[in-house]
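Visitor: Attaching a single structure in structure tokens format; questions to follow.
The values are calculated or read from the model by the stated rules, or taken from the named source; none is laboratory data. Just so you know, these numbers come straight off a predicted model, no measurement behind them. So basically every Cβ, Gly included, is an ideal-geometry build from the backbone, and we count neighbours across all protein chains shown. To get the accessible areas, we keep the full protein, side chains included, count just its heavy atoms, and leave off ligands, DNA and RNA. Shrake-Rupley method; radii C 1.70, N 1.55, O 1.52, S 1.80 Å.
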Amino acid sequence: VRLEGMPAADATPKDVTLALLKHFGANGLLGYAAEFYGPYVDQLDLAGRVTMASLCTEMGGIIMLFPPNDSVIDFCTQVSGRPVTPVYADDDASYERDETVDIVGVGPLIARPGHPEDVVPVSEVAGTKVDSVFIGSCTNGRAEDLRAVARVLEGRRVAPGVVLKIVPATDAVWQSLLGEGVMKIFKDAGVLVGNAGCAGCAAGQIGQNGPGEVTISTGNRNYTGKQGKGSVYLASPVTAAASAIAGVIATPETIPPKPVLFEKAKKAAAAIVTAAQVAKRPTTVAGRVWVVRQDNIDTDMIFHNRYLAITDPAEMGKYTFDNLAGWEDFAKKAKPGDIVVTGKNFGCGSSRQQAVDCFKTLGISVIIAESFGAIYERNAINAGMAILCAPALTTDIADGENVGVDFQTGTVRRQNGQEIGGAPFSPTQLAIYQRGGLLVKTA
């Protein structure tokens, strides 16, 4: 991927990466290792590279690679205490795809709630009221990020009615900022500072919001329910800080003289199917189809993070699709042997085993999708959950139709006799499936 040109002076690495999200979408790099080049990359510091790489997952990518510049090599040499030999692509390296992304003049950007790839200029949503702001995460919790936030906050106060939560990524960052006086700037501005960590990304941590609450977050994903029950916009640390001061979405250059004041806005359990009821290990199955006509269904929609403390597989099934709009009662209606058919990039987002095991608990015989999120695919195969890739079934198969599936050939046979070709299980996937899972003991 070549980044053509340079962004605007007020753009941060987060803004540039949001521009990439808009360009590639939620699955444009699905399964790829992507190398990034261009004048912007050449001058990008290590913190900026980490910010960009942290968002690779939101495009479906496996890894984002940057050729190291002198400052990165010097840093690695310093912290390792020995000379570091950089690694670059070979001159004759070949690539499956070449992309050029024009970033000339890119300015402050923001992702609208529910979709990290739904990116627009901050000016398009400026003035939207804000209830809370979260600054931190693996994407933007480093010292460089929080120093930039301090420059915006210095001499100012967080708007009345707004809670600004800042969580440094590590204790070393926390202690460094304390020694530099940055923590005093935060304190004077009325910031709620948490102990070092991820925060924001799971229930029970600083950064979650409530029903109706509007949050600006520096995290890397904003799927519905990911960071609480409200709406979450994704933005850079400086846009987030400016919005906390303004009381509405704003950039440092558009903070009003006085903050905007406002009033704060403000599942049923399903039957459990035990693991013993999960279908046996045949290589062909047949069953009723549930067609979920949606792409990019993330793991929070499948099994929300508020249930992460549940470790008993027998208890997981009743929460399946609990956070997917229109499918909240799926677990009540699903029967052992049923089949789920869905679109692209199923299981994207955070890694969690429950998002696989909940289907096993319900007895779902196979999940058929156009493609799967890379982590989810590995988790499902290793757990012995049958998953199969087949093209565009959501446009052909009707909800409630009975179909047959052959794992060894990848064939999906409809009631009318039509056969649709999918990707057969690889020998390794088939062996793990028939074993019942990678770590299952056999006689």
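Visitor: In debye to the nearest 20, how big a dipole does the chain give about its Cα centre with +1 on each Lys and Arg Cβ and -1 on each Asp and Glu Cβ?
Guide: 1820 debye
Visitor: Just to confirm, what accessible area per residue do you get for the stretch 101-142 at 1.4 Å probe, in whole Å²?
Guide: Heavy-atom accessible area per residue stands at 31 Å².
Visitor: Okay, moving on. Kindly provide the trypsin sites (Lys or Arg not before Pro) of the stretch 283-335 that DSSP labels as loop, not H, G, I, E or B, and whose Cβ sees at most 15 other Cβ atoms within 10 Å.
Guide: Those satisfying the criteria are ARG293.
Visitor: Still on this structure: Using the per-residue mean of other Cβ atoms lying within 10 Å as a proxy for protection, in what order, highest first, do the peptides 225-235, 104-114 fall?
Guide: 225-235, 104-114
Visitor: Tell me, what is a quarter of the convex hull surface for the C-alpha atoms of the chain, in nm² with one decimal?
Guide: Mean projected area for the chain: 24.0 nm², to one decimal.
Visitor: Across the stretch 145-160, in residue order, what do the Karplus-derived ³J(HN,Hα) couplings come to in whole Hz, using 6.51 cos²θ - 1.76 cosθ + 1.60 with θ = phi - 60° and x for Gly and Pro?
Guide: 5, 6, 5, 5, 4, 4, 5, 6, 7, 4, x, 10, 10, 5, 4, x
Visitor: Report the Cα centroid-to-centroid distance between the stretch 304-321 and the stretch 47-96 in angstrom, as an integer.
Guide: 37 Å
Visitor: Let me ask something else about it. Classify the stretch 281-408: rounded, prolate or oblate, from the alpha-carbon gyration tensor (a ≥ b ≥ c, eigenvalue square roots; a/c under 1.5 rounded; otherwise prolate if a/b is larger than b/c)?
Guide: rounded
Visitor: Using the structure shown, select from LYS129/LYS258; LYS14/LYS229; LYS129/LYS229; LYS129/LYS165 the pairs with a Cα to Cα distance greater than 19 angstrom.
Guide: Listed pairs above 19 Å: LYS14/LYS229.
Visitor: Ignoring ligands and nucleic acids, what accessible area does MET183 show with a 1.4 Å probe (Å², nearest 10)?
Guide: 20 Å²
Visitor: Further question on the same structure: With a probe of 1.4 Å, find how much accessible area the stretch 1-91 has per residue, and write the answer as a whole number in Å².
Guide: Value for the stretch 1-91: 47 Å² per residue.
Visitor: Quick one: which of 66-78, 22-34, 38-50 comes out on top by average Cβ neighbours within 10 Å, and what's the full order, highest first?
Guide: In decreasing order of mean packing, 66-78, 22-34, 38-50 become 22-34, 38-50, 66-78.
Visitor: What are the ³J(HN,Hα) couplings of the stretch 316-323, residue after residue, when phi is run through the Karplus curve with 6.51, -1.76, 1.60 and θ = phi - 60°? Round to Hz, x for glycine and proline.
Guide: Each residue's phi maps through the Karplus curve to give 7, x, 5, 9, 5, 6, 4, 10 Hz.
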